[in-house]
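Peer 1: What follows is a single structure, and I will ask about it in a moment.
The values are calculated or read from the model by the stated rules, or taken from the named source; none is laboratory data. What you are looking at is a predicted structure, and each value in this text was computed from that prediction instead of being measured. Glycine also receives a Cβ, built like all others from the backbone with ideal geometry; neighbour counts cover every protein chain displayed. Ligands, DNA and RNA are stripped out before the accessible areas are found, and what is left, the full protein with its side chains, is counted by its heavy atoms. Shrake-Rupley method; radii C 1.70, N 1.55, O 1.52, S 1.80 Å.
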Amino acid sequence: MENDEHAELLTEIEVTRAVIWRKIIIRISALLLALAFIVLAFSGVLHLLRLPSLGFLLESRELSRLPEIAAYKEAVVAVRADNRRGTGFNLDPHGLIITNYHILETAETAEIKWQGGRSEMAALLVSQPQSDLAMLAAEGEDLPFLQLETENLPDPGDEVYMIGNPLGFFQVVNRAEYLGLAFIAGREMPVIR
């Protein structure tokens, strides 16, 4: 009898081991399947991380470390009127901001936001719809401003920097190649192309 009990006990142990191993295999399989689904679900997100905009933003971060770019960015503002947004550039220490007309259209004022986060309202001084330009008056003393270059234009092929607020990003910097000037029908002065 003892042998029968012992054989029965061994059989039970073997069955229990088999059940335990089966459960372990099922759990590992389920875990691997879940991981596969997670990878597939996030592969779309991983694809987004390779968008050109990521490179665009990484280059902006690198360029923003240059001292001259950091100084320029202090005079660049975000402009918002109604539901339209864009970029403005302060040209005077007392607050004379040039921006695009299409941002303002019929608005008489616009909210401007400086690099440090300070916001204020600026009044429309003058607009020129045909050239898509508008000037705003901000209030202030000793405001950071950009000095307009009137003497030394770049040569075609020269590298220039652009600072703006594209796609909802604030003060993005990028490089561009200066192509030269072009004449547009109905305008006496050439424009940068």
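Peer 1: Looking at Glu108, Glu120, can you tell me which residue is open to solvent by 90 Å² or more (accessible area, probe 1.4 Å) and without any contact (Cβ under 8 Å) to a residue 40 or more places away in the chain? Walk me through how you get there before you give the answer.
Peer 2: Values: Glu120 fails: open to solvent by 90 Å² or more (accessible area, probe 1.4 Å).
Just a single option satisfies the conditions, and that option is Glu108.
Peer 1: Continuing with the same structure: Output the number of residues of the stretch 106-115 satisfying the condition of being among the small types (Gly, Ala, Ser) and within 21 Å of the chain's Cα centre (by Cα).
Peer 2: To start, the set of residues in the stretch 106-115 that are among the small types (Gly, Ala, Ser) comprises 107, 110.
If we keep only those that are within 21 Å of the chain's Cα centre (by Cα) as well, we get none.
Of the residues in that region, 0 qualify.
Peer 1: Any residue in the stretch 140-153 that is farther than 16 Å from Ile98 by Cα sitting within a Cβ distance under 6 Å of a residue that is not hydroxyl-bearing (Ser, Thr, Tyr)? List the pairs, counting only those 6 or more apart or interchain.
Peer 2: Asp142/Pro93
Per-residue answers, yes or no, for (1) at pLDDT below 75; (2) surrounded by 10 or more Cβ atoms within 10 Å (Cβ to Cβ); (3) more than 30 Å from Gly164 (Cβ to Cβ):
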residue	(1), (2), (3)
Ala7	yes, yes, yes
Trp21	no, yes, yes
Ile24	no, yes, yes
Ile38	no, yes, yes
Phe42	yes, yes, yes
His47	yes, no, no
Arg50	yes, no, no
Leu54	yes, yes, no
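Peer 1: Can I ask one more? Quick one: in the stretch 164-193, which of the residues that are among the aliphatic types (A, V, I, L, M) and touching a Lys or Arg at 6+ places or on another chain (Cβ under 6 Å) is nearest to Arg61 (Cα to Cα)?
Peer 2: Filtering the stretch 164-193 for residues among the aliphatic types (A, V, I, L, M) gives 167, 172-173, 176, 179, 181-182, 184-185, 189, 191-192.
Going one step further and asking which of them are touching a Lys or Arg at 6+ places or on another chain (Cβ under 6 Å), we end up with 179, 182.
On the way: Leu179: 25, Ala182: 31 Å.
So the residue we want is Leu179.
Peer 1: Would you pick out the residues in the stretch 172-193 that are more than 30 Å from Leu54 (Cβ to Cβ) and part of a loop (DSSP other than H, G, I, E, B)?
Peer 2: Keep residues of the stretch 172-193 that are more than 30 Å from Leu54 (Cβ to Cβ), which gives 180-191.
Listed by number, the residues that qualify are Gly180, Phe183, Ile184, Ala185, Gly186, Arg187, Glu188, Met189, Pro190.
Peer 1: Shifting gears a bit: Give the stretch 92-113 a look and list any residue that's over 18 Å from Asp82 (Cα atoms) and of a type in the set (Phe, Trp, Tyr), or say none.
Peer 2: none
Peer 1: Ok, one more. Looking at the stretch 157-193, which of its residues are more than 27 Å from Gln115 (Cα to Cα) and surrounded by 11 or more Cβ atoms within 10 Å (Cβ to Cβ)?
Peer 2: Result: Asp158, Leu179, Gly180, Leu181, Phe183, Ile184, Arg187, Pro190, Arg193.
Listed here are the residues, each with its yes/no results for (1) within 23 Å of the chain's Cα centre (by Cα); (2) assigned to a loop (DSSP other than H, G, I, E, B); (3) basic (Lys, Arg).
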| position | (1), (2), (3) |
| --- | --- |
| Gly117 | yes, yes, no |
| Leu124 | no, no, no |
| Glu139 | no, yes, no |
| Glu149 | no, yes, no |
| Leu153 | no, yes, no |
| Val160 | yes, no, no |
| Ile163 | yes, no, no |
| Phe170 | yes, yes, no |
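Peer 1: Can you run down the residue pairs with Cβ atoms below 8 Å, 6 or more apart or on separate chains, where the first is in the stretch 57-70 and more than 17 Å from Glu159 (Cα to Cα) and the partner is at pLDDT below 95?
Peer 2: Leu57/Phe169; Leu57/Val172; Ala70/Ser64
Peer 1: How many of the residues in the stretch 72-105 are in contact (Cβ under 8 Å) with a residue 60 or more places away in the chain and either over 21 Å from the mean Cα position of the chain (by Cα) or not in a strand (DSSP E or B) (or both)?
Peer 2: Final tally of qualifying residues: 4.
Peer 1: Among the residues of the stretch 98-126, which ones are among the basic types (Lys, Arg) and in contact with a Phe, Trp or Tyr (Cβ under 9 Å, 6 or more places away or on another chain)?
Peer 2: Lys113
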